[in-house]
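Chemist: Quick one: the structure is below, and I'll ask about it shortly.
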């Protein structure tokens, strides 16, 4: 009987969670670590008990630092690495990738400098014959809940339906439902932009502004997310799905969210340096994403008041209380109105098609 082989690149919490899910399905899973020392430590001691909730280390899972060993027979490679290291990670393994291996990005962020999505970064680095095999995974996936066996759902997008369905079959597990999509831009932007809004939601909770204020802020945040995604070529309707609204709800509501944690602690007077120390090896993607999106919005001359004000807190020293009050007090207009937004025309076009 054929046993599928899958490689997970990255010993992040999400990377190890995905490796755990797949190994428990009976797959042979390689977890590609940065160094031999890190791989040996994982194989000897199992998962980090604090991060991984003390879950057992599956027999069919092996950590290695050798791309050749990890990728020799792999049917799919999942890149669960911070967005700022995606390019270096794909460069480190690309010579071992052979058609028709699936390449699945599980990262949620934009590359600083280029402002490119992770699928774009991967596409620039791999051989052209592999570009059609690139997929992106996103959704409301708080890893601690998944490790407890609680049900969760995600969405997987690829330009080719057959590729998306292959990846869906690999990733779907008893407590992890995976849906498919063809709007790669929308799915990536949903998972990316919600991190910015989650920082602001954390600030609102830290300031004790209440649920009415938080609901208004998150709703306006979703509209801003949809406007930018449409400007970049996505369908704003995708943002009402798992990678947009779904992920936004989970991240903005949960104390388990690193981005919410950043906003909460900032509102309590802590500096970013203090917060980064407390996060340790964990990464808040929303911090770098805010900088990238602020740059994109400026280039497009697109109105993004939430992103602009959160940028001023993260990079210019503004006070959370001041900017949250400004956001909540912005002069009322039509809900879908904003400079260079195209939400009106999009909805008209789709309404006329019915």
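Derivation of every value follows stated rules applied to the coordinates shown; laboratory data play no part. As the structure is a computational prediction, the values presented were derived from the model and not from experiment. All Cβ positions, even for glycine, are placed from backbone atoms using ideal geometry, and neighbour counts span all protein chains on display.
Chemist: Among 183, 211, 48, which one moves the most in a GNM of the chain with springs linking Cα atoms closer than 10 Å?
Modeler: Taking springs between Cα atoms under 10 Å, the residue moving most is 211.
Chemist: Can I ask one more? Give me the distance between the Cα centres of segment 50-67 and segment 286-327, rounded to whole Å.
Modeler: Taking the Cα centre of segment 286-327 as reference, the centre of segment 50-67 is 38 Å away.
Chemist: Given springs between every Cα pair under 10 Å in a Gaussian network model of the chain, which of 89, 208, 45 has the largest fluctuation?
Modeler: 45
Chemist: Expressed in nm to one decimal, what extension gain is obtained for the pair residue 177 and residue 2 from 0.36 nm per residue of sequence separation less their Cα-Cα distance?
Modeler: 60.7 nm
Chemist: Follow-up question, since we're still on this one. For labels at residue 208 and residue 282 in the simple 7 Å Cα→Cβ model, what's the distance in nm?
Modeler: My value for the distance between the label points is 2.4 nm.
Chemist: Could you pull out which residues in segment 129-150 have an amide N less than 12 Å from a spot 7 Å beyond the Cα of residue 55, following the Cα-Cβ vector?
Modeler: 142-150
Chemist: Provide 180, 11 in ascending order of the number of other Cβ atoms located within 10 Å of each residue's Cβ, fewest first.
Modeler: Going from sparsest to densest Cβ surroundings: 180, 11.
Chemist: Let me ask something else about it. Note down the nm distance, to one decimal, between modelled labels 7 Å out along Cα→Cβ at residue 240 and at residue 316.
Modeler: 3.4
Chemist: Normalised by the number of residues in the chain, what is the relative contact order in percent for Cα pairs under 8 Å and 6+ residues apart?
Modeler: 14
Chemist: Which ordering of 36, 189, 52 is given by a fewest-first count of other beta-carbon atoms within 10 Å?
Modeler: If I rank by nearby Cβ atoms, fewest first, I get 36, 52, 189.
Chemist: Express as a percent, rounded to the nearest 5, the fraction of DSSP beta bridges in the chain (both residues included) that run antiparallel.
Modeler: 20
Chemist: How do 143, 96 line up, fewest other C-beta atoms within 10 Å first?
Modeler: Details: 143 22, 96 17.
If I rank by nearby Cβ atoms, fewest first, I get 96, 143.
Chemist: A further question on this structure: Picking from 149, 190, 246, which is most flexible by a Gaussian network model of the chain using Cα springs under 10 Å?
Modeler: Looking only at 149, 190, 246, the biggest GNM fluctuation is shown by 149.
Chemist: A further question on this structure: Multiply the residue separation of residue 112 and residue 334 by 0.36 nm, subtract the distance between their alpha-carbon atoms, and state the gained length in nm to one decimal.
Modeler: Length difference between fully extended and current span is 76.7 nm.
Chemist: While we're on this one: With a cut-off of 8 Å between alpha carbons and a minimum separation of six or more residues, what is the relative contact order of segment 5-182 in percent?
Modeler: Working: 351 pairs, mean separation 33.0, N = 178.
Relative contact order, segment 5-182: 19 percent.
Chemist: Now for a different question. If packing is taken as the average count of other Cβ atoms within 10 Å, what order do 101-113, 300-312 fall into, highest mean first? Could you put the intermediate results ahead of the total?
Modeler: Numbers: 101-113: 23.7, 300-312: 19.8.
Averaged packing, sorted descending, gives the order 101-113, 300-312.
Chemist: Of all DSSP beta bridges in segment 5-182, what percent run antiparallel (nearest 5)?
Modeler: Antiparallel bridges: around 20 percent, rounded to the nearest 5.
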